[in-house]
Amino acid sequence: MSSKGVTPTKTPIITRPSQIVTIDRYILDQEQSHPGASGDLSGLLYDIALTGKMIAREVRKAGLVDILGQTGTINVQGEEVQKLDDYAHECFIKNFDHSGRLCVMASEEEEEPIPIPDKFECGNYVLLFDPLDGSSNIDANVSIGSIFSIYRRITEGGGGGTLEDLLRKGSEQVAAGYVLYGSSTMLVYTTGRGQVDGFTLDPSIGEFLLSHADITIPDKGKIYSCNEGYRNLLFDGTRRFLEHLQEVDKDSGRPYSARYIGSMVADVHRTLLYGGIFMYPGTEKAPGGKLRLLYEANPMAMLIEQAGGLASTGKEPILELQATELHQRVPLFMGSKQDVELAIEFEGGAR
Ligand code: AHG
Ligand code: MN
Ligand code: MN
């Protein structure tokens, strides 16, 4: 207990860099440590940072719709006011379709793969994204985010990519990350090699600065995060797991605290920093749960596992699933290794 009678919160495991490092500088340094790198992946990451800044700018104005104009109406400048999810979706496409680095894209907001227009060159990479995650939270001024996942193409020939390039295993991702529009805007990404880094946008200079170097998720946490409103719809094993976390047992750090924002990006971000488990399980009615494999579960699973955690459907590793449909859903348990291992035991799965 501290002198104020409050148990101090454990400091998250992050390294605070002592020098100012912009994301551009960081990406360049990483590229130089890879002899032979073409620079294409670096270019894609620069464009993610730009897209994140552009979406953040609009998110910051979201509360002003009553003054500037409702969505779908004409605002005071005579421009049509777009819905934020539409803006974010188009922003990704406009920033990436002419990059010359991608051969095909896919978005949560579009049923079919998004081709690269004929007038632009195609490249060797594939991008999948959830342009605005947690969009039901926008009007309540609650944190939202964007999620991205990058693969190298598998089709040959240099032209446009196909569905085959998009339907992949998460373990094949070459980079993944998210931008969180929270009390500050943060970009967190990984290109593998056990490294996950976080950058915070300094709005006064418009730059993402390295703020959370080499994020490591605690091996065990004390928070669980799930929509417990669906408790009575859950499978027995999942319900028993929740009950287990709620039991009182000081030695094993129970009961856990519950935290659920309802924006995956925000819930996973907290889980990365503080540890614990985030879950969106399947139910009798919806065995696949709600979240989408390719642009929600896979990129977050890559981040969590590169930071030392675990991501599972409860039965098998998320990153080993071969996607069969662009918008397929998947039950999800991710977070601290020990917490997810325990969830897997209750779910009756194997690691
Ligand atoms: P999106 O806004 O991209 O459709 O995603 C919403 C998702 C995710 O952010 C969150 O974890 C989940 O929906 C919340 O769902 P419930 O309201 O069912 O808890
Ligand atoms: Mn989403
Ligand atoms: Mn979305």
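The values are calculated or read from the model by the stated rules, or taken from the named source; none is laboratory data. Quantities reported herein were computed from a predicted structural model and do not represent experimental measurements. Every residue, glycine among them, receives a Cβ derived from its backbone with ideal geometry; neighbour counts consider all protein chains shown. Heads up: the accessible areas ignore ligands, DNA and RNA and are worked out on the full protein's heavy atoms, side chains in. Shrake-Rupley method; radii C 1.70, N 1.55, O 1.52, S 1.80 Å.
Taking springs between alpha-carbon atoms closer than 10 angstrom, which of 158, 52, 177 fluctuates most in the Gaussian network model of the chain?
Highest fluctuation of the listed residues: 158.
Would you please classify the overall shape of the chain from the alpha carbon gyration tensor, given that a ≥ b ≥ c denote the square roots of the eigenvalues, rounded means a/c under 1.5, and beyond that prolate means a/b larger than b/c while oblate covers the rest?
rounded
Taking square-rooted eigenvalues a ≥ b ≥ c of the alpha carbon gyration tensor, is segment 118-178 rounded, prolate or oblate, where a/c under 1.5 means rounded and, failing that, a/b exceeding b/c means prolate?
Prolate, since a/c reaches 1.5 and a/b exceeds b/c.
Explain nothing, just compute: Karplus ³J(HN,Hα) = 6.51 cos²θ - 1.76 cosθ + 1.60, θ = phi - 60°, for every residue of segment 151-167 in order, whole Hz, x for Gly and Pro.
In residue order, the calculated couplings are 10, 7, 5, 10, 6, 9, x, x, x, x, x, 10, 4, 4, 6, 8, 7 Hz.
Can you give me the % of accessible surface on the chain that is carbon or sulfur? Probe 1.4 Å, all protein chains present, nothing else counted.
The C+S portion of the solvent-accessible surface of the chain is 49 percent.
Once both axes come from the Cα atoms, what is the angle between helix 40-59 and the longest principal axis of the chain, in degrees from 0 to 90, rounded to 10?
Helix 40-59 sits roughly 80 degrees off the main axis of the chain.
Using a basic spin-label model with each label point 7 Å from the Cα along Cα→Cβ, how many nm lie between residue 50 and residue 119?
Here the modelled spin labels are 1.7 nm apart.
Segment 212-309: which GluC sites (Glu not before Pro) are DSSP loop and have at most 14 other beta-carbon atoms within 10 angstrom? The partial results should precede the final answer.
Working: sites: 228, 243, 247, 284, 296, 305; in loops: 247, 284.
Those that pass, being in a loop and sparsely packed, are 247, 284.
Out of 157, 206, 43, any idea which swings most in a Gaussian network model of the chain, alpha carbons joined below 10 Å?
Greatest mean-square fluctuation among the candidates belongs to 157.
Full-extension gain between residue 259 and residue 227, please, as 0.36 nm times their residue separation minus the C-alpha to C-alpha distance.
Full extension from residue 259 to residue 227 adds 10.6 nm.
Let me check I've understood the local charge: for residue 233, count other residues with C-beta under 10 angstrom from its C-beta, Lys and Arg +1, Asp and Glu -1. What total comes out?
Details: positive: 231, 239, 285; negative: 284.
With Lys, Arg at +1 and Asp, Glu at -1, the net is +2.
Specify the residue with the greatest mean-square fluctuation among 40, 202, 130, computed from a Gaussian network of the chain linking alpha-carbon atoms under 10 Å apart.
Looking only at 40, 202, 130, the largest GNM fluctuation is found for 202.
Summing +1 for each Lys or Arg and -1 for each Asp or Glu, what net charge is found among the other residues whose Cβ lies under 11 Å from the Cβ of residue 319? Provide the component values of the computation, followed by the final result.
Working: positive: 168, 169; negative: 172, 305, 316, 320.
So the environment of residue 319 carries a net charge of -2.
Can you tell me how much longer the chain between residue 249 and residue 219 gets when fully stretched, taken as 0.36 nm per residue apart minus their C-alpha distance, in nm with one decimal?
Going from the current span to full extension adds 8.9 nm.
Determine which lysines satisfy two conditions relative to residue 220: a Cα distance under 18 Å, and not lying fewer than 8 residues away in the same chain.
Excluding near neighbours in sequence, the set is 10, 250, 337.
Please list, in order along segment 310-326, the HN-Hα scalar couplings obtained from phi with the Karplus expression 6.51 cos²θ - 1.76 cosθ + 1.60 (θ = phi - 60°), rounded to whole Hz, x for Gly and Pro.
After applying 6.51 cos²θ - 1.76 cosθ + 1.60, I find 9, 9, 9, 7, x, 10, 8, x, 3, 5, 9, 6, 8, 5, 10, 9, 4 Hz.
Could you give the distance between the Cα centres of segment 305-329 and segment 101-139, to the whole Å?
20 Å
On C-alpha positions alone, give me the angle between the axis of helix 84-96 and the longest principal axis of the chain, in degrees, nearest 10.
Roughly 60 degrees, rounded to the nearest 10.
Let me have the 222 nm mean residue ellipticity of the chain computed from DSSP H runs of 4+ only, each contributing -39500 (n - 2.57), with the sum over all residues rounded to the nearest 500.
-8000 deg cm²/dmol, from helical runs alone.
Taking only protein heavy atoms into account and a 1.4 Å probe, give the accessible area per residue of the chain in Å².
Accessible area per residue: 47 Å².
Find the lysine pairs in segment 23-212 meeting two conditions, Cα atoms under 25 Å apart and a separation of 8 or more places or different chains, and report how many there are.
7
Kindly provide the trypsin sites (Lys or Arg not before Pro) of segment 258-323 that DSSP labels as loop, not H, G, I, E or B, and whose Cβ sees at most 16 other Cβ atoms within 10 Å.
Of the trypsin sites (Lys or Arg not before Pro), the ones in loops of segment 258-323 whose Cβ has at most 16 other Cβ atoms within 10 Å are 259, 285, 315.
Is the C-alpha gyration tensor of segment 23-212 telling us rounded, prolate or oblate? Criteria: a/c under 1.5 is rounded; beyond that, a/b larger than b/c is prolate, otherwise oblate.
oblate
So, counting K/R as plus one and D/E as minus one, what does the shell of residues with Cβ under 15 Å around residue 255 add up to?
0
Angle check, please: helix 236-246 long axis (alpha carbons) against the longest principal axis of the chain (alpha carbons), in degrees 0 to 90, nearest 10.
Tilt of helix 236-246: around 70 degrees.
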